[in-house]
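Worksheet for the structure shown next.
The values are calculated or read from the model by the stated rules, or taken from the named source; none is laboratory data. Just so it is clear, the model here is predicted, and its values are computed rather than measured. Don't worry about glycine lacking a Cβ; one is built from the backbone with ideal geometry, like all the others, and counts go over all protein chains shown. Accessible surface is based on the protein model in full, side chains and every heavy atom, while ligands, DNA and RNA are left aside. Shrake-Rupley method; radii C 1.70, N 1.55, O 1.52, S 1.80 Å.
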Amino acid sequence: MATALLDDRDGFVWFDGQPGPTPIAITRTSKPKVHPADDELRFGSVFTDHMFRMDYTEGKGWHDAKIIPYQPFSLDPATSVLHYAQSVFDGLKAYRGQDGSIRFFRAAKHADRLNRSCGYLCIPPLDPELVVQSFHALVGVDQSWVPSKRGTSLYLRPAVIASESFLGVHPSKTYTYFLILSPVGPYYAEGINPVKILATDAHVRAVQGGLGAAKTAANYAASILGAEEAQKMGYTQVLWLDGVEHRYLDEVGTMNIMLKIGDEIITPPLNGAILAGVTRDSILTLCRDWGLKTSERRISIDEVMAAARNGTLVEMWGTGTAAVVSPVGELGYKDERVTINGGKTGTLTQKLYDAIVGIQYGETEDRHEWTTTLRPLKG
Ligand SMILES: *Cc1c(COP(=O)(O)O)cnc(C)c1O
């Protein structure tokens, strides 16, 4: 991996490993904000002092990488992303360990996925190496914003939006890549809390041949109504079933879904309608390391309900960056409501949570080299 020469003596940091070094111009804020106390952090409402921005123009490619004070965009009302949702995003975290170093969890994998998401939306590719370097550069500038308390972290939200002002439907000729940072609190302030989920055939999130494998705004828009209805019925999340037969499990809320039936750990295969979660991959890897039986296979809601009835459904949990794991305590489908593991967090779910969090905070051995330490700014 090329290393960024993070040297801001001249008001620039430099990407290297590109055809030539690409400068990132840095304009520092003259009005730094007050940092919230670690105990007051929630999710996604507080943002740091700076943002990263880079623009794309047809013929010119990606250009003008810069770090600027956090600020609103000025967009023409006809900007295509506002009408047709040609956009992608990703989400990852940086953690401050007991040793004081700041670690990213699987940054390169998130950058790769952002680039793959671009492909589904006809957005020109972004060099994943450049994306990783934008993580280092911006977190380097705003590193005082990485909270210290165990369980807190700095959430990174990279995104690309179509920026052309044009109401015709075609791939935009211009784009903006941006990265913003938000210090976030522990997902489970009072211990892991199992959720209640509803499997429904009234709504679908994504279909094969659609955008399910991309992290994109449209999938989230498609999930809002179903999620609202589930919440009105007393559930936390929707268990999304496949878009054709409404039988096979796809995802839960905005997480991947996993179950333990007997001694088999099951998660649906990456069939094109499912997002390839980084947490999903990490958990499958850990389970295999531990010699557990893992299957990426189709699993129907009927099989799950039958397993719940006959007592072989031992644990069920969602996986994602925000929560790591989210145990499912209750599952509703049609007229039935079943409790899983007495509504409590399962042993394996807890063990997976502890293992991943230990790696993220640099407390346990990182044998797969999932974390990278922030390359500090010099000068
Ligand atoms: C982001 C996301 C996930 C989780 O992915 P991670 O890389 O584990 O954070 C799962 N499903 C959907 C639909 C998502 O958008």
(request) Please get the size of the charge dipole for the stretch 195-344, origin at its Cα centre, with Cβ charges of +1 on Lys and Arg and -1 on Asp and Glu, quoted in debye to the nearest 20. (result) 200
(request) For Ile24, list long-range residues whose amide hydrogen, built 1.01 Å from N in the peptide plane, is under 5 Å from its own amide hydrogen. (result) Val13, Trp14, Phe15
(message) Give me a comma-separated list of calculated 3J(HN,Hα) values for the stretch 27-38, in order, Karplus coefficients 6.51, -1.76, 1.60 applied at θ = phi - 60°, integers in Hz, x for any Gly or Pro.
(response) 10, 7, 5, 9, 10, x, 7, 7, 6, x, 5, 3
(request) Any chance you could give the angle, 0 to 90 degrees and rounded to 10, that helix 217-232 forms with the longest Cα principal axis of the chain? (result) 40
(request) Could you pull out the pairs from Lys31/Lys93; Lys60/Lys109; Lys93/Lys173; Lys215/Lys293; Lys109/Lys196; Lys60/Lys173 whose alpha carbons sit more than 21 Å apart here? (result) Lys31/Lys93; Lys60/Lys109; Lys93/Lys173; Lys215/Lys293; Lys109/Lys196
(message) Explain nothing, just the number: dipole magnitude of the stretch 70-164 about its Cα centre with +1 on each Lys and Arg Cβ and -1 on each Asp and Glu Cβ, in debye rounded to the nearest 20.
(response) 600
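By how many nm would the segment from Arg309 to Ser45 grow when fully extended, if each residue of separation counts as 0.36 nm and the alpha-carbon distance is taken off?
Difference between extended and current length: 90.9 nm.
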(message) Tell me the angle of helix 278-289 to the major Cα principal axis of the chain, expressed in degrees between 0 and 90 and rounded to the nearest ten.
(response) 60
(message) Antiparallel versus total DSSP beta bridges in the stretch 193-304: what percent is that, nearest 5?
(response) 55
(request) Could you list the residues of the stretch 111-149 with an amide nitrogen less than 14 Å from a label point located 7 Å from the Cα of Lys33 in the Cα-to-C-beta direction? (result) 142-147
(request) Can you tell me how much longer the chain between Arg116 and Gln71 gets when fully stretched, taken as 0.36 nm per residue apart minus their C-alpha distance, in nm with one decimal? (result) 13.5 nm
(request) May I have the extent of the alpha carbons of the chain along their three principal axes, as whole Å values ordered from largest to smallest? (result) 67, 53, 36
(request) For the chain, find the longest principal axis of its Cα atoms and tell me its angle to the long axis of helix 347-360, 0 to 90°, nearest 10. (result) 10
(message) Using +1 at the C-beta of Lys and Arg and -1 at the C-beta of Asp and Glu, which of Gly243, Leu275, Gln98 has the Cα lying farthest in the positive direction of the dipole of the chain?
(response) Gln98
(request) For a quick protection proxy, order the peptides 219-227, 127-135 by their average other-Cβ count within 10 Å, most packed first. (result) 127-135, 219-227
(message) Of Ala306, His50, Asn256, which is farthest towards the positive pole of the chain's charge dipole, taken about the Cα centre with +1 and -1 on the beta-carbons of Lys, Arg and Asp, Glu respectively?
(response) His50
(request) Give the carbon-plus-sulfur fraction of the accessible surface of the chain in %, rounded to a whole number; probe 1.4 Å, heavy atoms of protein chains only. (result) 52
(request) Could you let me know the centre-to-centre spacing of the stretch 26-66 and the stretch 111-177, using Cα atoms, in angstrom? (result) 11
(message) Going by average Cβ density within 10 Å per residue, which order do the peptides 349-355, 71-77 take, highest to lowest?
(response) 349-355, 71-77
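Run the dipole for the chain about the Cα centre, Lys and Arg Cβ at +1, Asp and Glu Cβ at -1, nothing else charged, and hand back the magnitude in debye, nearest 20.
300
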(request) For the stretch 152-164, take each phi angle, set θ = phi - 60°, evaluate the Karplus expression 6.51 cos²θ - 1.76 cosθ + 1.60, and give the result in whole Hz per residue in order, putting x for glycine and proline. (result) 8, 6, 10, 7, 9, 10, x, 8, 10, 10, 6, 10, 6
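Mind checking the per residue accessible area of the chain for me, 1.4 Å probe, whole number of Å²? Write out the running numbers ahead of the final one.
On the way: 16630 Å² over 379 residues.
Per residue, the chain has 44 Å² of solvent-accessible surface.
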